[in-house]
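Undergrad: The following block contains the structure, expressed as C-alpha cells.
The values are calculated or read from the model by the stated rules, or taken from the named source; none is laboratory data. Bear in mind the structure is a predicted one, so any value in this text is a computation, not a measurement. Counting neighbours? That spans all protein chains shown, and the Cβs are built from the backbone with ideal geometry, glycine included. Ligands, DNA and RNA are stripped out before the accessible areas are found, and what is left, the full protein with its side chains, is counted by its heavy atoms. Shrake-Rupley method; radii C 1.70, N 1.55, O 1.52, S 1.80 Å.
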Amino acid sequence: MTGLDDWLGGKLRSLEHHDLLRRLRRNSRADIVPFCGNDYLDLSHDPRVIEAATQALREHGAGSRGSRLMAGQLCIHEELEAELADFLKVQRVLVFSSGYAANVGLLSSLLGKTDAVVADALNHASLIDGVRLCGAEARAFEHVNSADAARHLRKLAAKRHRLVLSDGLFSMDGDIAPLAELARLATEHDAWFAVDDAHGLGVLGKQGRGACELLQIENAVDIRTGTLSKALGAQGGFVAGSAVLIESLVQRARSFVYSTGLAPASAAAAREALRILRSEPERRAQLGERVQRLRQGLAALGLPVPKDATPIVPIRVGTPSAALAHARALEEEGFLVTAIRPPTVPTGTSRLRISLSTAHRLEDIDRLLDALARTITIKRGAVSHA
Ligand SMILES: *Cc1c(COP(=O)(O)O)cnc(C)c1O
C-alpha cells in the first residue's frame, strides 16, 4: 500500500518533470520591478486606503466574528455594498469574502440540473467551479466567439433556464469579451446574462465601471460579479444586480451563508479605494498611457500586440519550459513577469503575462522592453498573441 506522502510526492515529481510545478515565491529583491500584479491603480498601498483600514480595525476588530447572518453584519459591509451599488448603478450588491466565493455562491444557488450554462471556454476557474457545483448542463463556446455561443444556445431551447456567462476582461489573455453580441444572443434566446468583470472594474470604461460600461451594455446584463482585490487593491468579492437577486443570494448562496463576513479592515479598504477610484479618474488615464507605451514598444520590437488595449499583455511562447526560461531570463534582468502554464491556460499556449499598473514609471516599461528585446529567443513568427 502506498502512503499518502509517497503517492502525493510522486504526483509532485511528475509536475516538476513536465515544468508544471508552481512555486510559492516571495518577491524579496528590492531591485526587481514587478510586472505581475493586479493592483492596476496602485491602491493597495495608498495611505488613505491604509488609514481607512486601520480605523476599521480599531473600531470593529480583526475579524467580523461570524457569518453575516449571525454576528458578522457590520455597518461597514452595508456602506460598502450601498456605495458599490451606487457606483455600478444597480439596485443592490452583496459582498463575499472573495471573488471566488461570490462566483461559486452565485452560480450554485441560481441554477440546477434542468438548466444550462453557455460559457466562454476561457472563463475564470471560479465560474467553471460554480457551474460544476450547480449541476446544470455546461457548454463551452470557443473563446470570444459569439457565433459559437449562438450555436450552443439554439440546442438548449428545451431547458428550464439558460445562462450566458463570460468574463468581461479575460485575466490571462487581456482581451475583452464580445459583450454586446452576447447580450443580444441572451435576449434572442430568452437567456439570462452574467458577466464577471474582476479585471475590468476600475480599469475599463470612462467612469471605471468596467467592460460593461465600455461596451455600453450595462442595462442588458442581469448579473455582474467582481472582486475587491484587483483594481480596488483590497480583498473580497461581490455580486451586483437586482434587489430580488441579492435577497435570494442572502438566503441561499452557501459561500455567503456559511462563511464568516468580510473582515472589517478589508471592507473599509475597499470602500476608500472605491471613493478614490471614483474621484480620481486621472489614474485611469495614467494607466492608459502606460498601456500605450508598452504596446508601441512591442510593435517596434516586432512582437505581437494584443487586439484590445488593456493592462494585461500576454506573450505566448508555447511550452511550459519556454515560459519558465523566459521568465527566468527577465528576472535576471530585474523584472518579475509570471510564466503562465496549464492548467491555467490551454496546453500549447504557455505565456508570459505582463500586467501594468499606475505604479510603473514609463522608464520601467522602456527598460522591460529592452530586456524583452534581449531575452525573447523564439522566432518572431512563432510567437502568437493571445
Ligand atoms: C481574480 C478573479 C476572481 C477571483 O477573485 P478573488 O477575489 O481573487 O477570489 C474571479 N473571477 C475572475 C475573472 C478573476 O480574475
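Undergrad: Every residue in the stretch 178-199 that is assigned to a helix (DSSP H, G or I) and either over 18 Å from residue 117 (Cα atoms) or in contact with a Leu (Cβ under 7 Å, 6 or more places away or on another chain) (or both), please.
TA: Scanning the stretch 178-199 gives 179, 180, 185.
Undergrad: I would also like to ask the following. Return yes when residue 208 is away from the ligand (no atom under 15 Å from the Cβ), open to solvent by less than 10 Å² (accessible area, probe 1.4 Å), more than 22 Å from residue 134 (Cβ to Cβ) and in a loop (DSSP other than H, G, I, E, B) and no when it is not.
TA: Answer is yes for this residue.
Undergrad: Test residue 97 against the criterion of being under 25 Å from residue 341 (Cα atoms) and hydroxyl-bearing (Ser, Thr, Tyr), and give yes or no.
TA: no
Undergrad: Let me ask something else. Mind checking which residues of the stretch 222-240 are surrounded by fewer than 24 Cβ atoms within 10 Å (Cβ to Cβ) and either near the ligand (Cβ under 9 Å from one of its atoms) or not in a loop (DSSP other than H, G, I, E, B) (or both)?
TA: 223, 229, 235
Undergrad: For the stretch 253-271, indicate whether the set of residues that are closer than 24 Å to residue 375 by Cα and in contact with a strand residue (DSSP E or B) (Cβ under 7 Å, 6 or more places away or on another chain) is non-empty.
TA: no
Undergrad: Listed residues 317, 250, 345; which is more than 29 Å from residue 103 (Cα to Cα) and of a type in the set (A, V, I, L, M)?
TA: Step by step, each of 317, 250, 345 is checked, and only 317 is more than 29 Å from residue 103 (Cα to Cα) and of a type in the set (A, V, I, L, M).
Undergrad: A further question on this structure: Would you be able to say whether some residue in the stretch 244-257 is without any contact (Cβ under 8 Å) to a residue 12 or more places away in the chain and either within 30 Å of residue 356 (Cβ to Cβ) or not in a helix (DSSP H, G or I) (or both)?
TA: Checked against the condition, which is being without any contact (Cβ under 8 Å) to a residue 12 or more places away in the chain and either within 30 Å of residue 356 (Cβ to Cβ) or not in a helix (DSSP H, G or I) (or both), the stretch 244-257 yields no hits at all.
Undergrad: Could you tell me how many of the residues in the stretch 47-66 are in contact with a Pro (Cβ under 9 Å, 6 or more places away or on another chain) and either outside any helix (DSSP H, G or I) or aromatic (Phe, Trp, Tyr) (or both)?
TA: Of the residues in the stretch 47-66, 4 are in contact with a Pro (Cβ under 9 Å, 6 or more places away or on another chain) and either outside any helix (DSSP H, G or I) or aromatic (Phe, Trp, Tyr) (or both).
Undergrad: Here's a check for you: in the stretch 119-138, which residue that is away from the ligand (no atom under 15 Å from the Cβ) and in a loop (DSSP other than H, G, I, E, B) is farthest from residue 155 (Cα to Cα)?
TA: 135
Undergrad: Of the conditions (1) open to solvent by 10 Å² or more (accessible area, probe 1.4 Å); (2) over 23 Å from residue 264 (Cβ atoms), residue 106 fails just one. Which one is it?
TA: (1) is the only condition that residue 106 fails.
Undergrad: Could you please tell me which pairs satisfy a Cβ distance under 6 Å, a separation of 6+ or placement on different chains, a first residue in the stretch 359-386 that is at pLDDT below 90, and a second residue that is open to solvent by 60 Å² or more (accessible area, probe 1.4 Å)?
TA: Sorted first by the residue in the stretch 359-386, then by its partner, the list stays empty.
Undergrad: Let me ask something else about it. Would you mind telling me which numbered condition in (1) over 26 Å from residue 343 (Cβ atoms); (2) modelled with pLDDT of 95 or more; (3) open to solvent by 30 Å² or more (accessible area, probe 1.4 Å) residue 128 fails?
TA: Result: residue 128 passes all but (1).
Undergrad: Out of the residues in the stretch 152-177 that are part of a loop (DSSP other than H, G, I, E, B) and within 16 Å of the ligand (Cβ to nearest atom), state the one that is nearest to residue 218 (Cα to Cα).
TA: 168
Undergrad: Tally time: how many residues in the stretch 16-43 are within 21 Å of the chain's Cα centre (by Cα) and within 20 Å of residue 291 (Cα to Cα)?
TA: 10
Undergrad: In the list 186, 191, which residue meets the criterion of being assigned by TED's automatic domain parsing to the domain that holds residue 129 and open to solvent by less than 10 Å² (accessible area, probe 1.4 Å)?
TA: One residue alone meets the criteria, 186.
Undergrad: Follow-up question, since we're still on this one. Would you be able to tell me the number of residues in the stretch 183-205 that are within 30 Å of residue 54 (Cβ to Cβ) and away from the ligand (no atom under 11 Å from the Cβ)?
TA: Of the residues in that region, 2 qualify.
Undergrad: Just to be sure before I move on: is residue 87 at pLDDT 95 or above, under 21 Å from the mean Cα position of the chain (by Cα), more than 16 Å from the ligand (Cβ to nearest atom) and aromatic (Phe, Trp, Tyr) in the structure I sent?
TA: Criteria met by residue 87.
Undergrad: Run down 111, 133, 122 and say which single residue is open to solvent by less than 40 Å² (accessible area, probe 1.4 Å) and either over 19 Å from residue 271 (Cα atoms) or not assigned by TED's automatic domain parsing to the domain that holds residue 198 (or both).
TA: Answer to the selection: 111.
Undergrad: How many residues are in contact (Cβ under 8 Å) with a residue 60 or more places away in the chain, under 16 Å from residue 94 (Cα atoms), surrounded by fewer than 16 Cβ atoms within 10 Å (Cβ to Cβ) and out of contact with any strand residue (DSSP E or B) (no Cβ under 7 Å at 6 or more places or on another chain) when one looks only at the stretch 43-75?
TA: Final tally of qualifying residues: 2.
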